[in-house]
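Visitor: Okay, here's the structure, questions in a sec.
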Amino acid sequence: MNLDTLNQLPEPLLAWYDQNRRILPWREQPEPYRVWVSEIMLQQTRVEAVIDYFQRFMAALPTVEALANAPEEMLLKLWEGLGYYSRVRNLQKAAKIIMEQHQGQVPCSYKDILALPGVGQYTAGAICSIAFGLPVPAVDGNVLRVASRIAGDSSNTSLEKVKQAYREKIKEIIPPGAASRFNQGLMELGAIICLPNGAPKCLLCPACGFCAACRGGNPQDYPVKAAKQPRRTENRQVILLVSPFGVALRQRPAKGLLAGIWEFPNWLEEETSPIGQLGCALGKKIALGKAKHIFTHIQWNMEGSLYLTEPFPLPAGWRWASRRELKEEIALPSAFRAYTKQLLAGDWI
């Protein structure tokens, strides 16, 4: 693989970034804590979706200490809708380590940041360069796409040795004193110009004059990645069981998908409904329709129903939730958003 074409990138990229960068709250105040939280939120999530979450999170938990001491239910509620709840749990684990081992200050070395739960090589590089100005590369899927197109490199970017080669090259070309602007410029270029889906905006790109993919007219050929495994499909029944106490929720297992999160009871079509084991008398069925949610490796095709019932004691691992608790305290998976909206739009609770 020959990545030497990337040597031409720094100067035009910095000039482009200075003129075209988006105004984002964590960019305007790049304190280490804010940069760290934003980078965790931005994992597998679009910038536009993160801004409101970030501002709400900062208002509620403005310091590492506040994050370390936050009740889990509050933490999950602040994260509700962002998905991948393990990210925010790791964020709190890391905050507790920072309080215990780093006097409450986000560490400024790559090694110490990388050692924190939930932090990989890209995130550590982003924090080091953006918050501390250290010349550390931050190479994620966006950067691999931009760099492989510019270099016209057909190496398999799913391979760790290829990713490492890009990290080494990016580190080599980071301009002195400009690590933050350079890394953010690469991220920004991948986010708004060198797009992954649809046609990239090559004529607006600062690298168009020397980009191999632009010259060859084949940017969609890069990056080369391993074929994705097919996503598994699950057909599930979802029940909203409503009494004067509220709506019945059950807690998911402590490990696995959506670990420990409260949910509407649901089950695979081929499984037996857990509702019969509760010993409650169900009223008229109200159909809530179909909904779909796509996780990384699984797609849920759901059919929702609502039943009214008289109050009865729920078993361990279940609870009744009021309208106020659903709106203010309890985090429900975004997979059930369509049914949560219908529930709160009605007058059942």
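Visitor: Can you go through 104, 133 and tell me which one is touching an Asp or Glu at 6+ places or on another chain (Cβ under 6 Å), of a type outside the set (S, T, N, Q), open to solvent by 10 Å² or more (accessible area, probe 1.4 Å) and farther than 30 Å from residue 339 by Cβ? Walk me through it before giving the result.
Guide: Working: 133 fails: touching an Asp or Glu at 6+ places or on another chain (Cβ under 6 Å).
Residue meeting the stated conditions: 104.
Visitor: Follow-up. Test of understanding: among 162, 106, which residue is assigned to a helix (DSSP H, G or I), over 23 Å from residue 49 (Cβ atoms), β-branched (Val, Ile, Thr) and more than 19 Å from the chain's Cα centre (by Cα)? Lay out the reasoning, then the answer.
Guide: On the way: 106 fails: assigned to a helix (DSSP H, G or I).
Checking each option against the conditions leaves just 162.
Visitor: For residues that are among the small types (Gly, Ala, Ser) and at pLDDT 95 or above, scanning just the range 1-53, find the one that is farthest from the chain's Cα centre (by Cα).
Guide: In this case the residue turns out to be 15.
Visitor: Given (1) modelled with pLDDT under 95; (2) open to solvent by 30 Å² or more (accessible area, probe 1.4 Å); (3) in contact with a strand residue (DSSP E or B) (Cβ under 7 Å, 6 or more places away or on another chain); (4) of a type in the set (Gly, Ala, Ser), identify the lone condition not met by residue 338.
Guide: (1)
Visitor: From the residues in the range 181-201 that are in contact with a Lys or Arg (Cβ under 9 Å, 6 or more places away or on another chain) and assigned to a helix (DSSP H, G or I), which one is farthest from residue 42 (Cα to Cα)? So that I can check it myself, show each step before the final result.
Guide: Step one: list which residues in the range 181-201 are in contact with a Lys or Arg (Cβ under 9 Å, 6 or more places away or on another chain), which gives 181, 184-185, 188, 190-196, 200.
Those still in the list that are assigned to a helix (DSSP H, G or I) too: 181, 184-185, 188, 190-192.
Values: 181: 18, 184: 13, 185: 16, 188: 13, 190: 14, 191: 12, 192: 15 Å.
Top of the filtered list is 181.
Visitor: Do we find a residue being in contact with a Cys (Cβ under 6 Å, 6 or more places away or on another chain) and touching a residue at least 12 places away in the same chain (Cβ under 8 Å) anywhere in the range 277-297? Steps first, answer last, please.
Guide: Going through the range 277-297, the residues in contact with a Cys (Cβ under 6 Å, 6 or more places away or on another chain) turn out to be none.
No, the range 277-297 contains no residue that is in contact with a Cys (Cβ under 6 Å, 6 or more places away or on another chain) and touching a residue at least 12 places away in the same chain (Cβ under 8 Å).
Visitor: State whether the residues of the range 254-271 include one that is touching a Leu at 6+ places or on another chain (Cβ under 7 Å), assigned to a strand (DSSP E or B) and open to solvent by 30 Å² or more (accessible area, probe 1.4 Å).
Guide: yes
Visitor: Assuming residue 52 fulfils every condition listed in (1) surrounded by 15 or more Cβ atoms within 10 Å (Cβ to Cβ); (2) over 22 Å from residue 179 (Cβ atoms) apart from one, which condition is it?
Guide: (1)
Visitor: Tell me, which residue of the range 237-253 that is assigned to a loop (DSSP other than H, G, I, E, B) and in contact with a Phe, Trp or Tyr (Cβ under 8 Å, 6 or more places away or on another chain) is most open to solvent (accessible area, probe 1.4 Å)? Spell out how you get there, then give the answer.
Guide: Step one: of the range 237-253, the residues assigned to a loop (DSSP other than H, G, I, E, B) are 244-245, 252-253.
The next check asks that each one be in contact with a Phe, Trp or Tyr (Cβ under 8 Å, 6 or more places away or on another chain); those that pass are 245, 252.
Values: 245: 116, 252: 39 Å².
Result: 245.
Visitor: Here are some conditions: (1) polar (S, T, N, Q); (2) surrounded by fewer than 21 Cβ atoms within 10 Å (Cβ to Cβ); (3) closer than 19 Å to residue 36 by Cα; (4) at pLDDT 95 or above. Residue 154 meets all but one. Which one does it not meet?
Guide: (3)
Visitor: Can you name the number of the only condition in (1) more than 30 Å from residue 335 (Cβ to Cβ); (2) open to solvent by 10 Å² or more (accessible area, probe 1.4 Å); (3) hydrophobic (A, V, I, L, M, F, W, C) that residue 186 fails?
Guide: (2)
Visitor: Across the range 148-177, what is the number of residues that are within 24 Å of residue 41 (Cα to Cα) and small (Gly, Ala, Ser)?
Guide: Residues meeting the conditions: 1.
Visitor: With the checklist (1) of a type in the set (A, V, I, L, M, F, W, C); (2) more than 22 Å from residue 132 (Cβ to Cβ); (3) touching a residue at least 24 places away in the same chain (Cβ under 8 Å) in hand, flag the one item residue 60 doesn't pass.
Guide: With respect to (1) of a type in the set (A, V, I, L, M, F, W, C); (2) more than 22 Å from residue 132 (Cβ to Cβ); (3) touching a residue at least 24 places away in the same chain (Cβ under 8 Å), residue 60 is out only on (3).
Visitor: Let me ask you something else. Which ones in the range 15-30 are surrounded by fewer than 16 Cβ atoms within 10 Å (Cβ to Cβ) and assigned to a helix (DSSP H, G or I)?
Guide: 15, 18, 19, 20, 25, 28 - these are the residues of the range 15-30 that are surrounded by fewer than 16 Cβ atoms within 10 Å (Cβ to Cβ) and assigned to a helix (DSSP H, G or I).
Visitor: Does the range 203-210 contain at least one residue that is of a type in the set (Phe, Trp, Tyr), open to solvent by less than 40 Å² (accessible area, probe 1.4 Å) and outside any helix (DSSP H, G or I)? Break it down stepwise before answering.
Guide: Start the filter on the range 203-210 by keeping residues that are of a type in the set (Phe, Trp, Tyr), which leaves 210.
Then drop every residue that is not open to solvent by less than 40 Å² (accessible area, probe 1.4 Å), which leaves 210.
Of the ones still in play, those that are also outside any helix (DSSP H, G or I) are 210.
Yes, some residue in the range 203-210 is of a type in the set (Phe, Trp, Tyr), open to solvent by less than 40 Å² (accessible area, probe 1.4 Å) and outside any helix (DSSP H, G or I).
The values are calculated or read from the model by the stated rules, or taken from the named source; none is laboratory data. All of these numbers come straight from a predicted model, not from anything done at the bench. Cβ: placed from backbone, ideal geometry, glycine included. Neighbour counts: every protein chain shown. These accessible areas exclude ligands, DNA and RNA; they are computed on the full protein's heavy atoms, side chains included. Shrake-Rupley method; radii C 1.70, N 1.55, O 1.52, S 1.80 Å.
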